[in-house]
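S.K.: Take this structure, written in structure tokens, and hold onto it; I'll ask about it next.
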2 protein chains.
Amino acid sequence: MRDVAVIGVGWPKWGELWKKDIRNIFVEAALMAIEDAGVDHIDSMYVASMSPGLWSKQEHIGALMADYLGQTPIPAVRVESACASGGMAVRLGFIEVASGMSDIVLVGGVEKMWTGEDFTAVLATAADQEYEAFHGLTFPALYALMARRHMHEFGTKREQLAMVSVKNHANGARNPRAQYQREITVEAVLNSPPVADPLNLLDCSPVTDGAAAIILAPVDLARKIAKDRPIVQIIGSGAATDSIALADRESYVELPAVKKAAEIAYKMAGVGPEDIDLAEVHDCFTIAEIIVTEDLGFFEKGKGGEAVEQGLTKIGGKIPVNTSGGLKSKGHPVGATGVAQIVEITEQLWGVSGERQVEGAKIGLAQNMGGSGASSTVHILKRID
Amino acid sequence: MRDVAVIGVGWPKWGELWKKDIRNIFVEAALMAIEDAGVDHIDSMYVASMSPGLWSKQEHIGALMADYLGQTPIPAVRVESACASGGMAVRLGFIEVASGMSDIVLVGGVEKMWTGEDFTAVLATAADQEYEAFHGLTFPALYALMARRHMHEFGTKREQLAMVSVKNHANGARNPRAQYQREITVEAVLNSPPVADPLNLLDCSPVTDGAAAIILAPVDLARKIAKDRPIVQIIGSGAATDSIALADRESYVELPAVKKAAEIAYKMAGVGPEDIDLAEVHDCFTIAEIIVTEDLGFFEKGKGGEAVEQGLTKIGGKIPVNTSGGLKSKGHPVGATGVAQIVEITEQLWGVSGERQVEGAKIGLAQNMGGSGASSTVHILKRID
């Protein structure tokens, strides 16, 4: 397998983009990535998106986007793994370049969620429709069950959940692409309207329109066309699945798909959690970030809440988590999320993250997740000199 | 890149499967393929499906199927390219095995279409929703435009379109998995109800529930675990895209994505159209088979209709096409179609196709297509001894 680098990134502003349809949103990000990479063509492309069919009545968006990007007749395909669609698409683009099948591959993710459809009903199609959604279990409810159990087993405090949101908003306030660029307080989280006890509105990631894109190429080619910035290589790629229904799990306080994807990625990369300088993780709800940082091996099981309280996951802390603002502050356009994580890590390793820069960052990790943890991907990126 | 073989296939009966939901339908095919291959595990899986979100209100079916198949925590992802979803998934599975990332990969396709949803509206999401579907253009109408133009430019006769259907039903009558296992006549096609002039009901592929699956592995491994049957290698894999809207094409009588995908696959395989012993092609409408057999290079442009009339595409003819019965007779459960094509070709090359067997078949081709030709894949398989 060939070594693979990220050679370009594109991430336009996210939010409620009422004046743009799904094709405009995607193409803007894709063109930005192509221009950033400085390439004059791409060989193949992946389009990650969870549910353009339900939100925009448009399937077949691989070909649609290749068409609107002016890149036909290259191969283009849509990849879907619910909220992990972006991470899964990165994995497939990585494999295609590593295999030698293609040299320059665009991986983009997009979701157009503000179309008038019922968000909760569409998002529930990522759960087990027959055994969860039909019976009224929504995603806030599923994660609320995990939160309640984590509090029960480990004494995790309600305020510690809120602190995840506060930290991520502090980071997002410094990210010009974020949907909500403002700081919030623990009190604001605790006083926000309840959604599914113990989770309040400000524990939940928002509904967002947006896209992000990256360009992958073999490291050898990257060295030839690299701009005045270091080469960032994907040194580990792991993906795993778990039962789609939460009720089928042995535990509500750990996510086996995250642990397995991390195990694969760490092994491929030849590094461990102690080597990671920063991470983007899937904080669809505040409790998710706490559980995931434990399952990635950054903290002991049950200690994720304390770690946030002690500031270990802040910029400047032991292991900065979600310097982008996370899903909570920067937004969560489902199919785009996993790709934007790679953009954030790549920029951090290039050293161009401005106010959010993690000094001396050399190895970063991105963890993306679908449903209540039925799918997860973990990618590890390294600045190579 | 490593050489890749098809080591197992699964294809249960297709039809209106009112008593089975999407997960039952997929798992049945997947288990059949695993058993046929004789493997005790799989390393990764792809699930091709066009629109489980609109038909069954269920996205995230990669993880769902891994779960119901008892194969978690392996990576599993859904692939979508409208009616070419199956072919695209085969391409990605091929790349994953070729790359060395995984050894044993399951590629399955599934569509559950009989759920009470409006078929025409769901299928129209494979067209350009904003510039075609919203304005009333349906798929029968798009292909009717192509048929009318082909008749105008080349003198293709209405009866020749009907003969495609008659031939495919003759083949499907001998395929125990086919939805409609009965022969029909030219008169029956001509007298069937009009759908979009000049296409009648019996020019159109039906609405079908079904799944198909294959197991891919490196040729080296295939040699070790092969049963008492020849090794079938995928020697060429091509994919291409074109404008999603028919109105943006220069011609209505050729399909550039088919030509490009074929060019790539022929080049990789080191063979030409004259070397192909049989082909499965995407006859979603009778006119499609005629245009595709021209664009694959089997016949001169404009001569596809005559070729059918002369019996060149029958079993026993110059180049048997759609020995399975094609989409027309065996059914077209969208996401499964491209995978079932590979099953049919593999079985033909193994020499186990019974009444439908093409004697001495050594090289077969499968062409799958999405929308009105915005996506196409071409795979070439060879029996190696």
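S.K.: Could you pull the Cα extents of segment A:187-254 along its three principal axes, largest to smallest, in whole Å?
M.R.: For segment A:187-254, the Cα spread along each principal axis is 54, 34, 22 Å.
S.K.: Given A:TRP114, A:TYR46, A:SER99, which one lies farthest toward the positive end of the charge dipole of segment A:1-120, if we put +1 on the Cβ of every Lys and Arg and -1 on the Cβ of every Asp and Glu?
M.R.: Checking the options against the dipole of segment A:1-120, the answer is A:TRP114.
S.K.: Additional query: Taking the Cβ-Cβ separation of B:LYS19 and A:LYS267 as r and a Förster radius of 45 Å, what is the calculated FRET efficiency to the nearest 0.05? Intermediate values should be presented prior to the final figure.
M.R.: On the way: r = 44 Å, r/R0 = 0.97.
Computed FRET efficiency for B:LYS19 and A:LYS267: 0.55.
S.K.: Now, a different point. Note the count of lysine pairs whose C-alpha atoms are less than 28 angstrom apart in segment A:103-259, limited to pairs 8 or more residues apart or on different chains. Please report the intermediate quantities before stating the final value.
M.R.: Values: A:LYS112/A:LYS167; A:LYS157/A:LYS167; A:LYS157/A:LYS259; A:LYS167/A:LYS259.
Counting lysine pairs in segment A:103-259 gives 4.
S.K.: Under 8 Å for C-alpha pairs, at least 6 residues apart: give me the relative contact order for segment A:302-383, rounded to a whole percent. Please list the in-between numbers first.
M.R.: Values: 83 pairs, mean separation 16.6, N = 82.
Reported relative contact order: 20 percent.
S.K.: Let me spell out the model: positive unit charges on the Cβ of Lys and Arg, negative unit charges on the Cβ of Asp and Glu, origin at the Cα centre of segment B:147-227. What dipole size does that give, in debye rounded to 20? Please list the in-between numbers first.
M.R.: Numbers: 11 positive and 8 negative charges, 89 e Å.
Once rounded to the nearest 20, the dipole reads 420 debye.
S.K.: If all Cα-Cα distances of segment B:119-198 are sorted into 5 Å bins from 0 onward, what percent lands in each bin, rounded to whole numbers?
M.R.: 3, 14, 17, 17, 18, 18, 10, 3, 0
S.K.: Which whole-Hz couplings ³J(HN,Hα) result when phi for each residue of segment B:369-385 is put into the Karplus expression 6.51 cos²θ - 1.76 cosθ + 1.60, θ = phi - 60°, listed in order with x for Gly and Pro?
M.R.: Coupling constants for segment B:369-385: 9, x, x, 8, x, 6, 10, 8, 10, 9, 10, 10, 10, 9, 7, 10, 10 Hz.
S.K.: What is the ratio of the Cα radius of gyration of chain A to 2.2 N^0.38 Å, where N is its residue count, to two decimals?
M.R.: Numbers: Rg = 19.0 Å, N = 385, 2.2 N^0.38 = 21.1 Å.
The reported ratio for this selection is 0.90.
S.K.: From the P(r) of segment B:1-126, could you give the percentage of C-alpha pairs in the tail past 17 Å?
M.R.: Working: 4483 of 7875 pairs.
Of all Cα-Cα distances in segment B:1-126, 57 percent exceed 17 Å.
S.K.: Looking at chain A, send over the antiparallel percent of its DSSP beta bridges, to the nearest 5. Walk me through the numbers on the way to the answer.
M.R.: Values: 38 of 52 bridges.
Bridges in chain A that DSSP calls antiparallel: roughly 75 percent.
S.K.: Also, I was wondering about something else. Just to be sure I understand the model, the point goes 7 Å from the Cα along the line to the Cβ. What's the resulting A:LYS301 to B:ASP248 distance in nm?
M.R.: In this crude label model, A:LYS301 to B:ASP248 measures out at 5.1 nm.
S.K.: Of the residues B:LEU201, B:LEU349, B:LEU216, which exhibits the maximal mean-square fluctuation in a Gaussian network model of chain B defined by a 10 Å Cα contact cut-off?
M.R.: B:LEU201
S.K.: Shifting gears a bit: With respect to the symmetry axis carrying chain B onto chain A, which residue of chain B exhibits the smallest Cβ distance to that axis, and what is the value in whole Å?
M.R.: Result for the B and A rotation: B:SER99, 2.
S.K.: What is the Å³ per residue value for the convex hull set by the Cα atoms of segment A:72-114?
M.R.: Working: hull volume 3.2 nm³, N = 43.
Cα convex hull per residue, to the nearest whole number: 75 Å³.
S.K.: Follow-up. With Rg and the Kirkwood Rh both taken from Cα atoms, where does Rg over Rh land for segment A:136-274? Intermediate values should be presented prior to the final figure.
M.R.: Working: Rg = 19.3 Å, Rh = 18.5 Å.
Rounded to two decimals, Rg/Rh equals 1.04.
S.K.: Next question. What's the average, rounded to a whole number, of partner chain beta-carbon atoms within 10 Å of each residue's beta-carbon in A:232-242?
M.R.: On the way: counts 0, 0, 0, 0, 0, 2, 1, 7, 7, 15, 5.
If you average over the peptide's residues, the count of other-chain Cβ atoms is 3.
S.K.: Once each part is reduced to its C-alpha centroid, what is the distance from segment B:39-64 to segment A:275-319 in angstrom?
M.R.: With segment B:39-64 and segment A:275-319 each reduced to a Cα centre, they are spaced 31 Å.
S.K.: Considering only B:LEU221, B:MET151, B:ASN322, whose Cα is most displaced toward the positive end of the charge dipole of chain B, charges sitting on Cβ of Lys, Arg (+1) and Asp, Glu (-1)?
M.R.: Final value for the positive-end residue is B:LEU221.
S.K.: How large is the charge dipole for segment A:269-363, taken about the Cα centre, if only the Cβ atoms of Lys, Arg (+1) and Asp, Glu (-1) carry charge, to the nearest 20 debye? Kindly include the intermediate steps, with their values, before the conclusion.
M.R.: On the way: 8 positive and 15 negative charges, 35 e Å.
The dipole of segment A:269-363 has a size of about 160 debye.
S.K.: At a threshold of 8 angstrom on Cα-Cα distance, excluding pairs fewer than six apart, so keeping six or more, what relative contact order does segment A:1-132 reach in percent? Provide the component values of the computation, followed by the final result.
M.R.: Working: 205 pairs, mean separation 41.3, N = 132.
With pairs under 8 Å counted, the relative contact order is 31 percent.
S.K.: Tell me, what ³J(HN,Hα) does each residue in segment B:279-284 have, in order and in whole Hz, if you take phi through Karplus 6.51 cos²θ - 1.76 cosθ + 1.60 with θ = phi - 60° and put x for Gly and Pro?
M.R.: Result, rounded to whole Hz: 9, 9, 10, 7, 8, 4.
S.K.: So who's got an amide H within less than 5 Å of the one on B:GLY15, skipping anything under 5 residues away but keeping other chains? H placed 1.01 Å off N, in plane.
M.R.: Under 5 Å from the amide H of B:GLY15: B:ASP209.
S.K.: I would also like to ask the following. Rounded to the nearest 0.05, what FRET efficiency do A:GLU274 and A:GLN310 give with R0 = 25 Å and r taken as the Cβ-Cβ distance? Could you check?
M.R.: Working: r = 17 Å, r/R0 = 0.69.
Calculated transfer efficiency: 0.90.
S.K.: May I pose another question? What's the magnitude of the charge dipole for segment A:26-80 around its Cα centre, counting Lys and Arg as +1 and Asp and Glu as -1 at the beta-carbon? Answer in Debye, nearest 20. Write down the numbers at each step before the final one.
M.R.: Working: 2 positive and 8 negative charges, 55 e Å.
The dipole magnitude comes to about 260 debye.
S.K.: Using the 2.2 N^0.38 Å rule of thumb for compact globular proteins, work out how segment A:241-323 stacks up: its C-alpha Rg over that value, please.
M.R.: After normalising by residue count via 2.2 N^0.38 Å, the value is 1.09.
S.K.: Given R₀ = 30 Å, FRET efficiency for B:ARG149-B:ASN191 by Cβ-Cβ distance, to 0.05?
M.R.: Numbers: r = 24 Å, r/R0 = 0.81.
Once rounded, the FRET efficiency stands at 0.80.
S.K.: Would you mind classifying segment B:105-147 by shape? Square roots of the alpha carbon gyration tensor eigenvalues, ordered a ≥ b ≥ c; an a/c under 1.5 is rounded, otherwise it is prolate if a/b is larger than b/c and oblate if not.
M.R.: Working: a/c = 2.19, a/b = 1.69, b/c = 1.30.
It comes out prolate by the Cα gyration axes.
S.K.: What's the longest piece of chain A with no exposed GluC sites (Glu not before Pro), counting a site as exposed if DSSP puts it in a loop and it has at most 12 other beta carbons within 10 Å?
M.R.: Segment A:1-249 is the longest.
S.K.: Sticking with this structure for a sec: Considering all alpha-carbon pairs of segment B:232-385, what whole percent are spaced by more than 20 angstrom?
M.R.: Details: 5025 of 11781 pairs.
Of the Cα pairs, 43 percent sit more than 20 Å apart.
S.K.: Over all alpha-carbon pairs in the protein assembly as shown, figure out the percentage whose distance exceeds 38 Å. Don't skip to the end; give the middle numbers.
M.R.: Values: 100683 of 296065 pairs.
For the protein assembly as shown, the share of Cα pairs beyond 38 Å comes to 34 percent.
S.K.: Now, a different point. Using a 10 Å cut-off on Cβ to Cβ distances, tally the other chain neighbours for every residue of B:122-129 and report the average as a whole number. Write down the numbers at each step before the final one.
M.R.: Numbers: counts 3, 1, 3, 9, 6, 4, 7, 12.
If you average over the peptide's residues, the count of other-chain Cβ atoms is 6.
S.K.: Measuring label to label, 7 Å along Cα→Cβ, what does B:GLU183 give against each other copy in nm, shortest first?
M.R.: Those label-point separations list as 8.3 nm.
S.K.: Across 10 Å bins from 0, what is the distribution of all Cα-Cα pair distances for segment A:75-146, in whole percents?
M.R.: Whole-percent P(r) values from 0 Å outward: 16, 36, 27, 17, 4.
S.K.: To one decimal in nm, how far is A:LYS13 from the same spot in the other copies, if labels go 7 Å from Cα toward Cβ? Please give the shortest first.
M.R.: Here A:LYS13 shows inter-copy label distances of 6.0 nm.
S.K.: Any chance you could list P(r) for segment A:42-83, counting all Cα-Cα pairs in 5 angstrom bins from zero, rounded to whole %?
M.R.: P(r) for segment A:42-83, in whole percents per bin: 6, 26, 30, 21, 12, 4.
S.K.: A further question follows. If you filter segment B:201-286 for trypsin sites (Lys or Arg not before Pro), then keep DSSP loop positions with at most 16 other Cβ within 10 Å, what is left? Don't jump to the answer; show the numbers that get you there.
M.R.: Working: sites: B:ARG223, B:LYS224, B:LYS227, B:ARG249, B:LYS259, B:LYS260, B:LYS267; in loops: B:LYS227, B:ARG249.
Within segment B:201-286, the qualifying trypsin sites (Lys or Arg not before Pro) (loop, at most 16 other Cβ atoms within 10 Å) are B:LYS227.
S.K.: Using Cα pairs closer than 8 Å and at least 6 residues apart in sequence, work out the relative contact order for segment B:76-166, in percent.
M.R.: Values: 37 pairs, mean separation 12.9, N = 91.
RCO, segment B:76-166: 14 percent.
S.K.: What angle do you read, to the nearest 10 degrees and between 0 and 90, between the alpha-carbon axis of helix A:158-172 and the longest principal axis of chain A?
M.R.: For A:158-172 against chain A, the angle is about 30 degrees.
S.K.: While we're on this one: What are the ³J(HN,Hα) couplings of segment B:57-71, residue after residue, when phi is run through the Karplus curve with 6.51, -1.76, 1.60 and θ = phi - 60°? Round to Hz, x for glycine and proline.
M.R.: Karplus values, whole Hz, x for Gly and Pro: 6, 9, 9, 6, 7, x, 5, 4, 6, 4, 4, 5, 8, x, 10.
S.K.: Any idea what diffusion coefficient segment B:298-385 gets from Stokes-Einstein, in µm²/s, Kirkwood Rh on alpha carbon pairs, 4 °C, 1.567 mPa s? Spell out each step's value before the answer.
M.R.: Details: Rh = 14.0 Å.
Rounded, D is 93 µm²/s.
Only the coordinates and a few stated rules stand behind these numbers; no lab work does. Only a predicted model underlies this, so the values are computations on that prediction, with no experimental measurement involved. Virtual Cβ from ideal backbone geometry, glycine too; neighbours counted across all protein chains shown.
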